[in-house]
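To start, the structure itself, in structure tokens.
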Amino acid sequence: MTGRRNAIGRGVAARVRGALAGAAAGRAGDRVPGEGGEAQGAAGGGQAGIGHASGAARGKSKYGNRRVTLNGEKFDSQREMERYSHLRLMERAGLIGGLRRQVAFELAPAVVIQGRKRPPLRYVADFVYREAGAELDTIEDSKGAITEAYRIKRHLMAALGFAIKETK
């Protein structure tokens, strides 16, 4: 606990002070952030804090990827951008054709569960293209970390007859 006290004289923990006590007790001269939201993070009383990301407060992503932009196109990771550049070179060389990005596949239709409508389950492939001489499209995903959700979607795609090529 710190030396700060709330309205009834009890000590208030620092993480609670800004979110709860600061909003109610914030005054201009006492350096406790109030309704104006002049501090950053949960102590600010504004929207930054738990559940509200801000540009300055964002840290490293969960899997270490960083969104990047190349020629006005946005990519979820550096790996995905590099793979796209490589595939574009392959397309220009005539090794592949019909390169598309972020192609959605419906795994299961929308349903109603306990009176609430649930959206369809979808898998979004990073790239879909046709290799020279192949009869079927190649579905490709650039993966750094294979999550449990991805494993389930990969399984459902296989059940529908689609194989996913994973590049690392």
Open item on the list: Can you tell me which aspartates and glutamates have their Cα less than 17 Å from the Cα of LYS60? Leave out same-chain residues fewer than eight positions away.
Closed with: ASP76
Open item on the list: On a full-extension model of 0.36 nm per residue, what is the gain between GLN114 and GLU82, subtracting their alpha-carbon distance, rounded to one decimal in nm?
Closed with: 7.1 nm
Task: Local electrostatic count, MET81, Cβ distance below 13 Å [Lys/Arg +1, Asp/Glu -1] - done: +2
Task: Inter-label distance, nm, simple model (7 Å from Cα along the C-beta direction), LYS62/ARG130 - done: 3.7
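Per 0.36 nm of contour for each residue apart, how much would the distance between ALA149 and ARG100 grow if the chain were fully extended, relative to their Cα-Cα spacing? It would help to have the intermediate numbers written out before the result.
Working: separation 49, 0.36 × 49 = 17.64 nm, distance 2.29 nm.
Separation in residues times 0.36 nm, less the Cα-Cα distance, equals 15.3 nm.
Rule-based calculations on the coordinates, nothing more; no lab input. Predicted, not measured: the structure shown is a model, and the values here were computed from it. Virtual Cβ from ideal backbone geometry, glycine too; neighbours counted across all protein chains shown.
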